[in-house]
Every structure is written in structure tokens, then in C-alpha cells.
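The values are calculated or read from the model by the stated rules, or taken from the named source; none is laboratory data. Small disclaimer: the values here were computed from a predicted structure and weren't measured. Note that each Cβ is placed from the backbone with ideal geometry, even for glycine, and that neighbours are counted across all protein chains shown.
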Amino acid sequence: MGDIDNRIAKLGINLPDAQAPIANYVPSVRTGNLVYLSGLGPAARQDGSVPNGKLGLDLNTEQGYEAARLVGINILARIKESVGGDFSKVKRIVKILSMVNSTADFTDHPQVANGCSDLMVEVFGNNGKHARSAVGMANLPGNIPVEIEAIVEVSS
């Protein structure tokens, strides 16, 4: 087990199988040393439930943070799949785009996105610090609270 796998285990995270696409697209595209990950929703909690709903209506900021962290878990699974199971190939998390299913008056998108951002730093240290956008959406597929895309730099 590598350092990243050990950090993930110490955080008490069991990575799920990478989510399969739900439409006509591929889970990731590599060009040069960059891997572009398609948008992902939250992984299931340990009890099997998955967050659902709109921030500012069904969920509060703390629940959104948890949902974004669960998306981060799915991102880790997708990264692992895209590098053939070897996290040592990951040089850094370059950027994430966090899309938050929210009401028109909800303004805590950055605090929600921190759920994923904090996890990336916990797992990858300084190499997990990334550029980021956090935006609100009128709705998301399946009424998920957060969808996140990522760009990851990998070794050649």
C-alpha cells in the first residue's frame, strides 16, 4: 500500500468502485499529463444512503459540506481507476469545479465545496491544494446536492 492509500485508510475511507457514466460520455480523458474527470455525485454513506436535495431548501450548509466530501470520495475512486490503481502517479489536484444544487438565495457555495477541497488536502497534502470554482445550479441530475469535476496532473 502506498502513502496515499494509507492516508485514505487512516481517514476511515473505503473507496467504492468508480461510478459508471450515466449517459453517453467517458469517465475520464487523459491528454498529456492531465486527466479530466467527468462530473461525479456523492458516494453512499456507510449506512448506504446517498445525500439528496437542494441546498437552502432541503439541506443546510453543513449537510452540503458532507455531500461534497462524499463526492470527493468518488473522485478519489475515479482517480485511482484512471491511474491504474497507483496513487503515486498523482502529482497534484489542479482544479475542481463544484456545482451546488441550490435555491436562488443560497450563497454558501464555497463552504459546501470545502467538503471536497478539504478532503483533497487531507489525502494529498500540499499537492491537493487546487484552483477551484464553486457555483450554484437550479438543479442537478437525480436531485443530487453537489456534482464536482476535477483536473488532475499525473506523471508520464
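Scanning the range 115-149 for residues that are among the polar types (S, T, N, Q) and under 14 Å from residue 96 (Cβ atoms) gives 117, 127, 133. Annotation: residue 63 fulfils all but one of (1) free of Cβ contacts under 8 Å to residues at least 40 places away in the same chain; (2) touching a strand residue (DSSP E or B) at 6+ places or on another chain (Cβ under 9 Å); the unmet one is (1).
Tell me, which residue of the range 11-49 that is in contact (Cβ under 8 Å) with a residue 40 or more places away in the chain and β-branched (Val, Ile, Thr) is surrounded by the most Cβ atoms within 10 Å (Cβ to Cβ)? It comes out as 35. When 124, 106 are screened for being surrounded by 16 or more Cβ atoms within 10 Å (Cβ to Cβ) and part of a loop (DSSP other than H, G, I, E, B), only 106 passes. Here the range 42-84 is the region considered, the condition is being acidic (Asp, Glu) and part of a loop (DSSP other than H, G, I, E, B), and the residue that is farthest from residue 143 (Cα to Cα) is 47. Exactly one residue among 88, 156 is modelled with pLDDT under 95 and polar (S, T, N, Q), and that residue is 156.
Taking the condition buried (at least 16 other Cβ atoms within 10 Å of the Cβ), of a type in the set (Ser, Thr, Tyr) and under 14 Å from the mean Cα position of the chain (by Cα), does residue 98 pass? Yes. Against the criterion of being more than 14 Å from residue 74 (Cβ to Cβ), outside any strand (DSSP E or B), of a type outside the set (D, E, K, R) and touching a Leu at 6+ places or on another chain (Cβ under 7 Å), residue 112 qualifies. Give me the pairs: first residue in the range 122-135 and more than 19 Å from residue 107 (Cα to Cα), second residue part of a loop (DSSP other than H, G, I, E, B) and of a type in the set (A, V, I, L, M), beta-carbon distance under 7 Å, and six or more apart or on different chains, which are they? Close Cβ pairs (under 7 Å, with a partner that is part of a loop (DSSP other than H, G, I, E, B) and of a type in the set (A, V, I, L, M)) amount to 122/11. Taken over the range 85-95, residues that are part of a helix (DSSP H, G or I) and crowded, with 19+ Cβ neighbours inside 10 Å amount to 2. Is there a residue being within 18 Å of residue 101 (Cα to Cα), in a loop (DSSP other than H, G, I, E, B) and modelled with pLDDT of 95 or more anywhere in the range 22-41? Yes, some residue in the range 22-41 is within 18 Å of residue 101 (Cα to Cα), in a loop (DSSP other than H, G, I, E, B) and modelled with pLDDT of 95 or more. Annotation: residue 135 fulfils all but one of (1) aliphatic (A, V, I, L, M); (2) touching a Lys or Arg at 6+ places or on another chain (Cβ under 8 Å); (3) loosely packed, with under 13 Cβ neighbours inside 10 Å; the unmet one is (2).
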